[in-house]
Amino acid sequence: MLIDLISKYQHQLHEHTELRAQVNTNRAVTLVRGNLVTNSRSDQSGISARMYKNGVYGFASGAEYNDESIRAVLKAAEENALFMDSRVKKNKGPLPKVASGEVKLDRDVKNPDQKLYIDFARELDSYIAGKYPKLASRVVNIRADSMEKLLVVSDGHNSHSLMPRSFIYVFFTAETADGAPVELFKVFGGRGYFDENFSSIEDLYPGIEELYSNIMRKAEGVYPDAGYKQVVMHPNLAGILAHEAVGHTVEADLVLGGSVAAHNLNRQVASEIVTMIDFAHTALGEPAPLPIYVDDEGTPCEDAVLIKDGILKGYMNSKETAQHFGMKPQGNARAYLFSDEPLIRMRNTAILPGKDKLDNMIASIDDGYYLTETNNGQADTTGEFMFGISMGYEIKNGKLGRAIRDTTISGVAFEMLKTVDMLSDDMKWTCSGMCGKKQPMPVGMGGPAIRCKVNIGGR
């Protein structure tokens with residue numbers, strides 16, 4: 001646990017200055033067909049300071065957390081700010097003021113022994129090997145990470161936060177009748193330490209059985225017919241769609257860089273039934289997958305409404321971009337390591353559920369596809385996206401048909417969202433991924449099942 005060495009320096013902070021101490025932990029264990037191939041532990045810790053002056057920032061960091069290092073990074077951040085100001089001369093006014101306060105750590109810091117991960121992985125792998133001998137290969141991968149931050153700011157909220165996550169990734173490989181490999185994986189876990197998320201291996205058995213059933217269907221599956229098709233996207237895809245295809249286009253730094261959202265504020269970008277929000281810490285009355293109460297600029301976090309009833313309503317901002325656009329900063333500036341400067345990042349981004357039942361959505365399609373799993377996704381600031389589809393089914397005359405093999409879907413986000421005409425009345429969250437915008441960052445994403453039209457690839 002981080003000991004507070006930085007609060008006593010608060011009286012030395014002037015202009016807008018952030019002083020942050022941080023520890024990141026990462027644990028990984030991987031078994032491939034029962035063989036231990038990864039067994040790693042890493043900790044990264046240090047201190048950073050950032051100072052704003054007349055429209056420019058000075059930043060500095062150090063990998064030691066002691067008084068000497070704190071004084072050094074504060075001095076270096078100020079010197080860097082003064083240097084940048086002397087060269088750039090933006091002469092901008094002060095950043096927007098935000099409410100002052102403090103958010104304290106609300107849970108214990110843990111450091112589970114590595115043996116816990118290894119023993120659990122071996123027990124799970126042994127179960128899979130005995131239960132499913134028809135598999136061509138299997139991989140059990142356990143990952144756990146945490147991010148602890150102490151933040152003291154000249155203006156805003158001080159905070160002490162902790163974000164632990166733990167996951168089990170199970171990968172299955174099967175063979176088709178002609179010997180070709182097909183792959184599928186499933187992720188278990190979420191926010192919390194490993195012993196909190198995985199108290200009993202038996203709890204995983206239903207999910208493992210579902211994964212096995214799906215890959216056996218996939219091994220007997222067919223390639224989809226390529227073309228512009230009506231589909232139902234499972235909530236698993238709604239989350240990545242919200243994050244990759246839409247979310248990045250409405251991050252204010254990318255808007256300033258020419259994102260498609262730059263010229264669409266207060267315009268229709270989606271069907272009127274589509275509302276999309278970047279939630280701070282509470283979503284629809286429940287804790288968000290990764291609750292964030294204060295960002296790394298000291299801004300108290302609020303929900304950012306991005307799309308409401310199909311209309312683009314706002315961006316995700318830092319203090320600086322909020323000032324530029326005349327918007328309110330809502331706590332979207334986040335840094336991954338102590339040595340990273342805060343960037344505008346998503347937190348828990350989701351399309352809100354609608355009023356339809358999934359069964360009715362499938363029944364409404366004569367010829368299309370039900371897409372259930374994705375293995376990757378990418379998009380650019382034009383809103384063009386392409387996602388890999390690792391599992392899905394034909395829909396013929398309103399009924400599910402054969403499973404489909406690996407394929408892709410593609411389109412332009414704002415155009416695709418205009419074709420959305422049904423949303424399921426439930427939703428699903430995931431927080432297993434890391435967003436890779438310049439620096440990795442844990443994020444949550446979610447949404448309901450979506451009926452829409454997209455381009456689907458063939459073989």
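Report yes if some residue within the range 326-345 is of a type in the set (D, E, K, R), assigned to a strand (DSSP E or B) and free of Cβ contacts under 8 Å to residues at least 40 places away in the same chain; otherwise report no. Scanning the range 326-345 turns up no residue that is of a type in the set (D, E, K, R), assigned to a strand (DSSP E or B) and free of Cβ contacts under 8 Å to residues at least 40 places away in the same chain.
When the range 255-302 is filtered for residues that are part of a strand (DSSP E or B) and small (G, A, S), only A283 remains.
Table: residues versus (1) surrounded by 19 or more Cβ atoms within 10 Å (Cβ to Cβ); (2) at pLDDT below 95; (3) under 27 Å from D421 (Cβ atoms).
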{"site": "Y315", "(1), (2), (3)": "yes, no, yes"}
{"site": "M327", "(1), (2), (3)": "no, no, no"}
{"site": "L337", "(1), (2), (3)": "no, no, no"}
{"site": "K355", "(1), (2), (3)": "no, no, yes"}
{"site": "L358", "(1), (2), (3)": "no, no, yes"}
{"site": "D380", "(1), (2), (3)": "no, yes, yes"}
{"site": "S390", "(1), (2), (3)": "yes, no, yes"}
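The test for being modelled with pLDDT under 95 and over 17 Å from T30 (Cβ atoms) holds for A180. Output yes when any residue across the range 6-27 is closer than 16 Å to S69 by Cβ, of a type in the set (G, A, S) and exposed (fewer than 15 other Cβ atoms within 10 Å of the Cβ), and no when none is. The answer is yes, given that some residue of the range 6-27 is closer than 16 Å to S69 by Cβ, of a type in the set (G, A, S) and exposed (fewer than 15 other Cβ atoms within 10 Å of the Cβ). If you check S410, S432, S424 for being in contact with a Leu (Cβ under 6 Å, 6 or more places away or on another chain) and hydroxyl-bearing (S, T, Y), only one passes: S424. If the condition is being within 25 Å of G258 (Cα to Cα) and touching a residue at least 60 places away in the same chain (Cβ under 8 Å), then the range 415-429 contributes M416, L417, K418, T419. Residue count for the range 1-20 under the criterion of being within 17 Å of P342 (Cα to Cα) and either without any contact (Cβ under 8 Å) to a residue 24 or more places away in the chain or out of contact with any helix residue (DSSP H, G or I) (no Cβ under 8 Å at 6 or more places or on another chain) (or both): the result is 2.
Taking each residue of the range 386-414 that is at negative phi and not assigned by TED's automatic domain parsing to the domain that holds E210 and looking for partners that are part of a helix (DSSP H, G or I) and among the polar types (S, T, N, Q) with beta-carbon atoms closer than 7 Å, six or more apart or interchain, yields M391/N214; A413/T249.
Just name the residue that is nearest to the chain's Cα centre (by Cα) out of those in the range 305-321 that are in contact (Cβ under 8 Å) with a residue 40 or more places away in the chain and part of a strand (DSSP E or B). Only one residue fits best here, namely M316. Condition (residue is more than 21 Å from N375 (Cβ to Cβ) and either under 25 Å from the mean Cα position of the chain (by Cα) or β-branched (V, I, T) (or both)) applied to the range 131-144: is it met by at least one residue? Yes, the range 131-144 contains at least one residue that is more than 21 Å from N375 (Cβ to Cβ) and either under 25 Å from the mean Cα position of the chain (by Cα) or β-branched (V, I, T) (or both). The criterion of at least 2 residues that are surrounded by 17 or more Cβ atoms within 10 Å (Cβ to Cβ) is met by the following strands (runs of 3 or more DSSP E) wholly inside the range 84-203: 137-153, 157-175, 181-191.
The values are calculated or read from the model by the stated rules, or taken from the named source; none is laboratory data. None of the values given here were measured: they were computed from a predicted structure. With ideal geometry, Cβ positions are generated from the backbone for all residues, glycine too; neighbour counts draw on all protein chains shown.
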